[in-house]
Structures are given as structure tokens and as C-alpha cells.
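The values are calculated or read from the model by the stated rules, or taken from the named source; none is laboratory data. Because the structure is predicted, anything quoted here is derived from the model rather than measured. Glycine also receives a Cβ, built like all others from the backbone with ideal geometry; neighbour counts cover every protein chain displayed.
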Amino acid sequence: MPKVIIIYDTVYGNTRIAAEAMADGVKETGLQVEVRHVKDVKPEDVTAADPIMMGSPTHAGALRSTKYGILRDSRRLEDM
Ligand SMILES: Cc1cc2nc3c(=O)[nH]c(=O)nc-3n(C[C@H](O)[C@H](O)[C@H](O)COP(=O)(O)O)c2cc1C
């Protein structure tokens with residue numbers, strides 16, 4: 001069964017709340033889902049998951065976190 005991963009970054013907590021709400025919706029479909037802060041994600045976690053969902057606050061018009069390099073490290077950007 002596919003395992004969904006929802007990766008988020010947050011400063012004030014709003015994106016975490018949104019990520020958890022999305023996870024509740026995914027669970028209702030019967031799929032397995034894991035919610036992780038981007039700093040707690042390893043490349044192999046991303047490789048093992050399908051699909052990947054991501055959330056980040058916008059800071060100065062861009063993703064807040066440079067930690068989204070996790071996608072590059074897991075080589076999943078090649079799939080997107
Ligand atoms: C330093 C800073 C820069 C921001 N820049 C933007 C921006 O360029 N565009 C935008 O729509 N919101 C911007 N925001 C608002 C945040 O994206 C918004 O508050 C976000 O929901 C916070 O998410 P969080 O609670 O998960 O940290 C900025 C907030 C901060 C603190």
C-alpha cells in the first residue's frame with residue numbers, strides 16, 4: 001500500500017496545523033500517512049513515500065526552508 005509523507009516547515013505553527021489537517025483527510029481514504037517536520041526527514045524517508053506532500057510558510061516570496069534540499073538528496077526531484 002502506498003505510504004504518503006507530508007513534510008512541513010513552520011515558524012508559528014500554522015503550516016503544521018494545515019499538514020495535520022491534510023493527514024486527517026488522507027487517512028480517511030485508507031492510505032497510510034506520516035507527518036514530519038522537514039528537519040526530521042531523511043532522504044530515504046522521501047524515497048520510500050509516494051506521494052509526497054509539502055508545506056512551507058512563504059518568506060520574502062519563497063519557501064522558508066532551504067532544507068527542502070531533502071528532495072534533491074533523495075533524488076525524487078528527478079521524478080517530478
Ligand atoms: C519574515 C517573514 C516574511 C514573510 N514573507 C511573506 C511573503 O513574502 N508572502 C506571504 O504571503 N507571506 C509572508 N509571510 C507570512 C507567512 O508566510 C505566514 O505568516 C505563514 O502562514 C506563517 O506560517 P507558519 O505559522 O507555519 O510559520 C512572512 C512572514 C514572515 C515572518
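With within 16 Å of the ligand (Cβ to nearest atom) and surrounded by 15 or more Cβ atoms within 10 Å (Cβ to Cβ) as the only criterion, which of VAL26, VAL35 stands out?
Working: VAL26 fails: within 16 Å of the ligand (Cβ to nearest atom).
Among VAL26, VAL35, only VAL35 is within 16 Å of the ligand (Cβ to nearest atom) and surrounded by 15 or more Cβ atoms within 10 Å (Cβ to Cβ).
Go through TYR12, TYR8 for me and flag whichever is within 11 Å of the ligand (Cβ to nearest atom), of a type in the set (Ser, Thr, Tyr), surrounded by fewer than 17 Cβ atoms within 10 Å (Cβ to Cβ) and in contact (Cβ under 8 Å) with a residue 40 or more places away in the chain.
Details: TYR8 fails: surrounded by fewer than 17 Cβ atoms within 10 Å (Cβ to Cβ).
One residue alone meets the criteria, TYR12.
Which one of ASP45, ASP40 is within 11 Å of the chain's Cα centre (by Cα) and without any contact (Cβ under 8 Å) to a residue 12 or more places away in the chain? Reasoning before the result, please.
On the way: ASP45 fails: without any contact (Cβ under 8 Å) to a residue 12 or more places away in the chain.
Residue meeting the stated conditions: ASP40.
Give the stretch 48-80 a look and list any residue that's modelled with pLDDT of 85 or more, more than 16 Å from the ligand (Cβ to nearest atom) and not small (Gly, Ala, Ser), or say none. Result: ASP50, PRO51, ILE52.
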